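What follows is one structure encoded as structure tokens, with my remarks underneath.
The values are calculated or read from the model by the stated rules, or taken from the named source; none is laboratory data. All of these numbers come straight from a predicted model, not from anything done at the bench. Neighbour counts run over all protein chains shown; Cβ positions are idealised from the backbone, glycine included. Please note that ligands, DNA and RNA were not included when accessible areas were found on the heavy atoms of the full protein model with its side chains. Shrake-Rupley method; radii C 1.70, N 1.55, O 1.52, S 1.80 Å.
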Amino acid sequence: MATVTQQLDPGAAQFLSTAFPAFVRTGANFPVVGLAFDATLDEAAFWLIRAVNYGSGNLTIHTDWYADVASTGDVVWESKLAVITPDTDTQDVETKALATLNTVTDTHLGTVGQRLHRAIITVTNLDALAANDDVWVKLTRNAVNVADTMAGDAILTLATVSYSDV
Amino acid sequence: MAVMDTTNRLRTWSQAMRDWPRTVGMPNVTKTELRAAVNATDDWLEANQPSFNAALPLSFRSQASVAQKTFLFSYTAMRRAGLLKAQED
């Protein structure tokens with residue numbers, strides 16, 4: 001039994017034509033690249049992965065982020081999946097719907113504004129996921145949620161998807 | 001002039017968060033608290049606009065538009081807070 005982990009690189013993210021995060025590059029001594037999610041608009045990024053060796057159980061999405069300017073407040077992250085089994089599912093890939101969202105609220109830990117945080121989303125709405133399916137992962141900052149209280153952008157530096165191979 | 005309507009206050013709040021300078025940092029407040037501060041600032045500007053106008057020298061006061069006076073006010077306040085870099089600096 002092992003855990004399979006796949007990286008969701010901000011530079012590899014895809015977007016719809018509206019409501020997408022800005023791509024930012026900062027860093028004094030090494031490049032810090034990320035996606036800056038707005039504080040008042042819901043913005044989303046997407047990745048396509050193949051669920052190689054997926055066995056069973058929930059997916060876990062680790063979302064590494066930091067605040068652009070804030071040093072307090074909560075950020076609400078949500079994720080949705082759209083899963084297709086090639087050669088089996090007859091669903092039109094261009095009109096496929098996303099499954100119900102899963103969400104997590106992560107609190108800024110203070111002290112240093114731009115410290116790195118890790119929010120963990122447990123994805124239970126798996127859209128009938130099976131091994132080697134194609135999985136579109138949508139990651140959103142739910143900025144309009146009343147529980148999202150952090151001022152300013154939340155910058156995503158890296159996300160991972162992990163699951164069990166048995 | 002009247003205070004801004006809800007939409008304009010909302011957009012001021014949203015854009016302020018997008019443009020907030022890292023050099024000054026965000027105070028230890030939530031989005032809701034920042035929004036209340038935007039509203040309070042707008043209220044204060046509305047209430048104190050007459051006294052600001054009266055403080056201006058007559059020549060400028062009589063010649064300048066509201067937008068021109070607002071520009072002057074904003075630049076002066078920004079310089080005082082270290083947010084306005086001049087070519088001479």
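Tabulated data for the structure shown
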{"read-out": "Scope the range A:23-59; condition open to solvent by less than 70 Å² (accessible area, probe 1.4 Å), touching a residue at least 40 places away in the same chain (Cβ under 8 Å), under 27 Å from A:Arg115 (Cβ atoms) and more than 14 Å from the chain's Cα centre (by Cα); matching residues", "value": "A:Val24, A:Val32, A:Val33, A:Asp38, A:Ala39, A:Thr40"}
{"read-out": "Members of the range A:103-131 found to be touching a His at 6+ places or on another chain (Cβ under 9 Å) and closer than 19 Å to B:Asn28 by Cβ, listed by number", "value": "A:Asp106, A:Thr107, A:His108, A:Leu109, A:Arg115, A:His117"}
{"read-out": "Residue match in the range B:41-59 (condition: within 12 Å of chain A (Cβ to nearest Cβ) and in contact (Cβ under 8 Å) with a residue 24 or more places away in the chain)", "value": "no"}
{"read-out": "Helices (runs of 4 or more DSSP H) fully within the range B:16-89 counting 1 or more residues that are at pLDDT 95 or above, on the phi < 0 side of the Ramachandran plot and open to solvent by less than 70 Å² (accessible area, probe 1.4 Å)", "value": "B:31-55, B:66-80"}
{"read-out": "The listed residue being within 14 Å of chain A (Cβ to nearest Cβ) and over 13 Å from the mean Cα position of the chain (by Cα), out of B:Arg35, B:Arg9", "value": "B:Arg35"}
{"read-out": "Subset tally (residues that are in a helix (DSSP H, G or I) and either over 30 Å from A:Thr111 (Cβ atoms) or open to solvent by 70 Å² or more (accessible area, probe 1.4 Å) (or both)) for the range B:1-15", "value": "7"}
{"read-out": "The one condition in (1) crowded, with 18+ Cβ neighbours inside 10 Å; (2) among the polar types (S, T, N, Q); (3) within 20 Å of the chain's Cα centre (by Cα) that A:Thr107 fails to fulfil", "value": "(1)"}
{"read-out": "Residue list for the range A:86-103, restricted to those being in contact with a strand residue (DSSP E or B) (Cβ under 8 Å, 6 or more places away or on another chain), open to solvent by 30 Å² or more (accessible area, probe 1.4 Å) and either closer than 16 Å to A:Ala44 by Cα or polar (S, T, N, Q) (or both)", "value": "A:Gln91, A:Ala97, A:Leu98, A:Thr100, A:Leu101, A:Thr103"}
{"read-out": "Only one of A:Leu116, A:Leu158 that is closer than 23 Å to A:Asp9 by Cβ, buried (at least 16 other Cβ atoms within 10 Å of the Cβ) and away from chain B (no Cβ under 14 Å)", "value": "A:Leu158"}
{"read-out": "Hey, A:Ser79 in contact (Cβ under 8 Å) with a residue 24 or more places away in the chain, away from chain B (no Cβ under 14 Å) and either within 24 Å of A:Gly11 (Cβ to Cβ) or exposed (fewer than 13 other Cβ atoms within 10 Å of the Cβ) (or both) or not", "value": "yes"}
{"read-out": "Residue check for A:Ala131: in contact (Cβ under 8 Å) with a residue 24 or more places away in the chain, touching a helix residue (DSSP H, G or I) at 6+ places or on another chain (Cβ under 9 Å) and at negative phi", "value": "no"}
{"read-out": "Residue within the range A:42-50 that is more than 24 Å from B:Arg35 (Cα to Cα), touching a strand residue (DSSP E or B) at 6+ places or on another chain (Cβ under 7 Å) and within 14 Å of chain B (Cβ to nearest Cβ) present", "value": "no"}
